[in-house]
Structure formats: structure tokens, C-alpha cells
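All remarks here apply to the structure that follows.
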Amino acid sequence: MIQLEGICRTFDVGGRPVYALVDVDEQIESGEHIAVMGPSGSGKSTLLNLIGCLDRPTSGSYRLGGREVGDLDELQLSEIRRDWIGFVFQAYHLVPRLDAAANVELPMIFAGIARAERRRRVAAALEAVDMSDRADHRPDQLSGGERQRVAIARATVMGPQILLADEPTGNLDSESGSQVLELLDRMNDEGLTLIVVTHNPDVARRADRVMVMFDGRVTQHISADDFHGHLLPYRDPQEAQ
Amino acid sequence: MSIPDLLKFALRALSGHSLRTGLSMLGVAIGVAAVVMLTALGEGARRYVIDQFASLGTNLVIVVPGKTETTGALPGFGGVPNDLTLDDAEAIRRQVREVRNVAPVSMGTERVSFGERNRQVMIVGSTYELLEVRELGMGSGRFLPAGDWDRGAPVTVLGTTLVRELFDNENPIGKVVRIGEWRMRVIGVLDEMGMRMGIDFDEIAVVPVSTGMKMFNRASLFRVLVKLGSSGDVASAQRQILDLIIDRHGEEDVTIITQDAVISTFSSILGVLTLALGGIAAISLGVAGVGIMNVMLVSVSERTAEVGLLKALGVRRVQILAVFLTEAVLLSTAGGLLGLAGGWMAVRLLVQLYPAIPASPPTWAVVAALSISIGVGAIFGVLPARRATKLDPVAALAGR
Ligand SMILES: Nc1ncnc2c1ncn2[C@@H]1O[C@H](COP(=O)(O)OP(=O)(O)OP(=O)(O)O)[C@@H](O)[C@H]1O
Ligand SMILES: [Mg+2]
């Protein structure tokens with residue numbers, strides 16, 4: 001479903017190029033559960049934003065469901081984000097003045113979905129993340145784990161193909177973190193393609209396979225069977241040789 | 001996205017910052033209230049002046065020597081081809097059917113003195129008929145003697161202020177005053193009546209018209225006031241007077257001013273004044289617009305992460321533009337309505353305090369103020385809204 005070929009992403013910082021992604025070739029199938037690991041600054045978030053069509057590659061080809069993303073204009077990209085992709089952020093990014101239900105409703109309002117249908121879907125999405133009894137609570141009245149569950153309900157309410165999560169448990173204690181991870185696992189079991197960026201080996205262990213990044217390159221693929229939690233997979237590829 | 005959803009979303013965003021929202025609304029409200037109040041005052045002044053002129057009666061026609069169109073000068077000043085004489089006035093009285101009364105007027109300023117005291121005042125030379133034509137009242141004594149058009153008796157009638165200044169508490173009737181080189185006996189004092197059509201009747205001395213013309217060394221009258229009968233047709237009388245003058249002078253060398261013309265002239269001058277006042281007040285709406293822009297810019301930069309989120313959710317650029325524009329327009333519209341209510345109440349209060357001035361804002365000003373205030377939100381909201389749509393979603397979400 002996701003095909004990356006020779007993807008480069010270069011930032012210009014004060015006239016100097018910063019190579020955030022270098023020659024990334026990857027293929028991700030529908031329904032896969034991928035974890036992305038790597039040291040800070042290795043390009044994990046940049047890769048995720050690119051897959052989520054929030055950013056464009058400097059060079060290379062990105063095909064999503066057979067369509068070349070590079071050929072799409074701004075409007076078409078926003079439609080892809082709306083219909084194909086859900087984002088979950090480390091910082092939740094709930095709108096503080098809106099209660100949980102209104103936050104979940106948000107993407108549907110802008111997608112022009114009728115009010116009755118919206119109400120039905122909000123109820124179902126909150127039910128799925130076990131937050132039905134907190135529908136009228138504002139974000140500041142919820143714990144971190146609860147906020148992230150509301151954010152997951154919002155990310156999935158439009159029925160996306162792909163869920164992109166950038167350190168979804170980064171701000172959570174292990175108890176609420178594992179609740180969130182179980183939720184994500186369950187959605188993946190139901191067919192959602194899941195890509196999780198994480199620093200935590202326990203989070204990565206749940207994935208089908210792990211992509212390890214270093215300095216903008218994907219340096220290692222580890223299948224779930226080979227993955228050992230005690231091994232930190234951050235290795236300089238030069239050292240490894 | 002439906003309009004009600006858009007409005008609801010914008011309202012929720014605004015109500016989150018009630019103080020900021022309220023203050024920027026207040027800016028618009030003050031602007032609109034200023035437009036309403038100032039145009040109401042201007043309109044009040046216009047109606048007040050018109051009422052003043054209208055109270056003199058509509059059946060007054062004024063003949064002024066000189067033709068405005070041909071000389072290009074104001075009537076009565078320079079470029080007068082033929083004198084407007086007492087005989088002309090007499091002819092108008094005799095030959096124009098609708099005429100009830102004619103009062104010839106000559107005018108100048110002279111020093112009036114009594115004993116040690118003296119004052120420079122306006123001297124009106126006229127006849128007995130002025131009393132009725134101008135609806136003057138007598139405080140004491142008599143007005144100029146009737147029938148004296150060309151003899152010029154050495155008598156004068158004074159205004160009340162002038163009498164007070166020259167005579168203190170003495171009775172002026174029968175006393176002799178000096179007007180320039182002329183010795184005149186005071187035979188009457190006018191009622192106190194204040195300003196009428198630009199002349200303070202309390203500060204004049206009235207003398208017989210032929211005396212006045214000699215006094216100022218003029219062959220021509222200043223003007224001829226013609227009072228028509230109550231059923232008189234103004235247009236027809238105007239035509240007849242003009243024909244008569246052309247017949248006597250061989251050309252059309254007078255200007256005829258009717259009450260209607262005077263009123264419409266003043267009305268249009270004061271209408272322009274109202275417009276100018278409204279325009280000045282509208283500037284404050286521009287200032288209010290800058291206030292709205294400022295508030296919206298703050299709002300956009302505060303909600304950078306929210307804009308990034310909306311983009312990540314697949315919200316289109318135009319929709320983000322619509323969200324922020326709607327907020328700005330809601331702000332300015334609410335402010336406009338507030339200002340309308342405030343301005344209206346202020347005008348009501350003013351009318352209560354000064355019932356003489358019929359102040360009320362003209363409809364066009366109310367409509368314009370409201371639509372400008374809505375437009376202000378739309379125009380000054382564009383820049384902040386565009387800034388929001390241009391945010392890079394990745395940077396916005398990262399709080400950069
Ligand atoms: N907008 C930007 N402008 C300039 N440089 C950028 C920008 N975004 C990312 N980078 C650079 O690209 C590189 C990869 O950044 P990225 O955020 O993808 O790292 P990451 O793997 O997500 O790190 P972390 O684990 O700390 O989140 C870094 O060197 C970073 O400084
Ligand atoms: Mg990152």
C-alpha cells in the first residue's frame with residue numbers, strides 16, 4: 001500500500017542542507033503493524049509526516065494506494081489526509097475549549113458529514129476507546145491516558161486506512177501507556193495499518209516488524225521473532241560491520 | 001461544512017477569550033455609535049435650520065439685483081448692470097397679481113450715537129411694509145410711517161440690544177440719535193426677536209428706505225422683499241416679476257430667491273455637513289478594524305497548534321480561511337449592533353435634554369455604519385486568516 005523509493009528530505013538551515021531522510025526505500029502492506037525506532041534526530045518524525053502527506057519529499061517517489069503523491073496538489077493532499085490517514089501525537093493535540101465528544105466530532109464537521117451521522121459515529125468512536133462516560137469532559141479534565149484515547153477516537157472516526165502514531169505513549173506512565181497500546185493493537189487487528197514511532201523497546205516489541213533509523217537512513221529491519229527487548233537496536237551501521 | 005457548524009465553531013473560539021473579544025467589539029461599537037450620534041446631530045441641525053426658515057412662511061419671494069449665472073458673482077455683489085430702484089419695487093406691487101405687500105430694502109453699516117455712547121450697527125433702510133413682510137413686532141412706539149417711500153422722514157426704529165446699550169434705562173422714544181451725519185428721531189423699538197435669516201434684529205436701526213439709500217450713497221436697492229397672498233402661486237409670481245423687470249430693464253438682471261430655494265440650498269449644505277461628520281466618525285471604524293486585525297493575529301498565533309491539527313485532519317485551506325474570517329466578521333458585526341444600540345440610546349437622551357434639536361440618525365447612516373462594520377471585519381480579518389492558512393502543518397504541530 002505504501003511504496004517509498006529513493007526518498008530524500010533535505011532541510012535548508014541557514015543555507016546549510018540538513019539531510020533528514022536519505023535514500024529511503026520501503027514497502028508497507030495494508031494491515032501491517034510497524035514500529036520505527038532510532039536515536040533522536042534520525043528522521044523518524046520526518047518519515048512519518050511524509051507518509052501522512054503533511055510534508056513532501058525533496059526527491060524520490062512516494063506511492064500511496066497506487067497513486068503518486070508527488071503529483072497531487074494541496075487540495076488533493078488534504079483530501080488524502082482526511083480520508084486515508086489518522087494521526088496520533090505525543091502531545092495529544094486536543095482542542096482545549098472543546099469537550100471530548102466535540103474533539104472527536106471535529107474532522108467530521110469539516111468533512112461535511114450530517115449532524116445525526118456525526119452524533120452516531122462520535123458515540124461509537126468514544127465507546128471503542130472506552131471513553132463514553134467522559135464525552136462531556138474537556139481535555140483539562142482528563143488524564144494523559146484518557147486524552148490519548150480521545151485523540152485515537154478522533155484519529156479513527158473518519159475510518160482511515162493508516163494510523164500514524166508519533167511516540168503515542170511518550171507522555172504516559174506504563175499503566176495508561178499499555179492501555180493505549182492495547183487499543184492500537186486491537187484496531188490493527190481489525191485491519192488498520194499502524195505505524196508507531198517509539199523509543200521504547202516494549203512498545204516496539206508489539207509490532208510485526210521494526211524499522212531502525214540512523215542519520216536519515218533505514219539501517220535495519222528486525223522481525224518480531226528476532227527482536228529482543230534487552231538489546232537496544234540503536235547501532236551505528238559502521239560499528240556493526 | 002455547513003454555515004451553522006461554521007458559526008458554532010467560530011462562536012466557541014470567540015467565547016473562550018471574552019475580555020479580548022469584548023474589547024475589540026467595543027472598538028467597533030464606539031465607531032458605529034459615533035457615526036450614529038454625529039449624523040443624528042448633523043441631521044438635527046439641518047432640520048432645525050429648515051424649521052427656522054419654514055416658520056417665516058413659504059410665500060416670500062426675494063428680488064436681488066444682479067444675475068448669478070451671467071455675472072458669476074453672488075447676487076448683490078459687483079457686476080450689477082442696472083439699478084434695482086424704488087420704481088421697480090413700486091411696479092412689482094402694482095402689476096403682479098399675487099402680490100400682497102412689497103418691502104424695498106437698502107442696507108449698510110453706520111455709527112449710531114446718543115450723547116457719549118455710540119455703536120457701529122447694521123442699518124436697514126425700508127418702508128412700513130417691512131413690518132408685515134418680515135412679521136416684525138413692536139416693543140414700544142410705532143414703526144416707520146406708512147406711505148413714505150421717497151420723502152425720507154428723519155425717523156428711526158431701533159433693536160432692543162441697541163436701545164439698551166445707548167439709553168440704559170432711559171425711554172428712547174422721542175429722543176434724537178445721530179446716525180453717521182444724520183440726526184434721526186427714535187419713534188419706536190422692535191420686539192426682542194434675535195437672529196432671523198442671518199440678521200440679528202436686536203442690533204439694527206431701521207430708517208426710511210430713501211434715507212438709507214442717500215446715507216449709503218447707493219442708487220440701487222439691496223433687495224426687494226415680496227410677500228404673496230396666502231393663496232399665491234410662487235412660480236407664477238416669480239415669472240411675472242421676472243417679465244416685468246425684463247420689460248423695464250431690457251434684460252434679465254435680477255435673481256429671484258424663493259423660500260423653497262433658500263431652504264433647499266441650506267438643506268444641501270447641511271446635508272454635506274452631516275455626510276462629513278459621518279465620514280469622520282467612519283474613520284474610527286477603520287481604527288476599530290485594526291483592533292480586530294490585531295486580536296485575530298494574536299488568536300492565530302495562539303492557535304498555531306490547532307491550525308496544524310486541522311491541517312493534519314485534512315481540513316482544506318479555504319475552510320481554515322473561512323473559520324478565521326467568520327470569527328472576525330462575527331466580532332465586527334456584534335460590535336456594530338452594540339454600537340447601534342448605544343448610539344440610538346445616546347440620541348434619545350440628547351433629544352430628551354435638548355428637545356429643540358430634532359436629532360435622529362438618517363437611515364442611510366445607520367445602514368452604512370452597520371455594513372461598514374461588517375465589511376471591516378471581513379477586510380481586516382483577511383490578513384490573519386491568510387496567515388493561518390499558510391502555516392506549515394509540521395512546524396505548527398511541533399509548536400514552531
Ligand atoms: N523543519 C525543519 N527544519 C530544519 N531541520 C529539520 C526540520 N525538521 C527536522 N529537521 C532535522 O531533521 C532531522 C530529523 O528530524 P526528526 O524530527 O525527523 O527526528 P526524530 O527521529 O523524530 O527525532 P526525535 O526522536 O527527537 O523526535 C533532525 O536533524 C532535525 O534537526
Ligand atoms: Mg520525532
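The values are calculated or read from the model by the stated rules, or taken from the named source; none is laboratory data. All of these numbers come straight from a predicted model, not from anything done at the bench. Every residue, glycine as well, gets a Cβ built from its backbone with ideal geometry; the counts of neighbours run over all protein chains shown. Quick note on the areas: whole protein, heavy atoms, side chains included, nothing else; ligands and nucleic acids left out. Shrake-Rupley method; radii C 1.70, N 1.55, O 1.52, S 1.80 Å.
Structure above, values below:
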| quantity | calculated |
| --- | --- |
| Residue, surrounded by the most Cβ atoms within 10 Å (Cβ to Cβ), within region B:289-326, restricted to residues that are within 14 Å of chain A (Cβ to nearest Cβ), of a type outside the set (Val, Ile, Thr) and under 12 Å from B:Ala385 (Cα atoms) | B:Phe324 |
| Residue ranges of strands (runs of 3 or more DSSP E) in region A:1-80 with at least 3 members within 27 Å of A:Ile222 (Cα to Cα) and more than 15 Å from ligand 1 (Cβ to nearest atom) | A:2-13, A:16-28, A:59-64 |
| A:Val36, sole failed condition from (1) in contact with a helix residue (DSSP H, G or I) (Cβ under 6 Å, 6 or more places away or on another chain); (2) β-branched (Val, Ile, Thr); (3) within 14 Å of chain B (Cβ to nearest Cβ) | (3) |
| Residue identified as at positive phi, more than 14 Å from chain B (Cβ to nearest Cβ) and open to solvent by 10 Å² or more (accessible area, probe 1.4 Å) among A:Gly60, A:Gly70, A:Gly112 | A:Gly60 |
| Pairs, first at the interface with chain B (Cβ under 7 Å from one of its Cβ atoms) in region A:78-103, second of a type in the set (S, T, N, Q) and open to solvent by less than 50 Å² (accessible area, probe 1.4 Å), C-beta under 8 Å, six or more apart | A:Val95/A:Asn103 |
| Exclusive hit being away from ligand 1 (no atom under 16 Å from the Cβ) and closer than 23 Å to B:Ser299 by Cα, set B:Val366, B:Val382 | B:Val382 |
| Any chance B:Val96 is at pLDDT below 90, of a type in the set (A, V, I, L, M) and under 22 Å from B:Val209 (Cα atoms) | yes |
| Flag for A:Ala91 being open to solvent by 20 Å² or more (accessible area, probe 1.4 Å) and away from ligand 2 (no atom under 16 Å from the Cβ) | no |
| Count of residues meeting criterion [over 21 Å from B:Gly108 (Cβ atoms) and not charged (D, E, K, R)] in region B:161-188 | 6 |
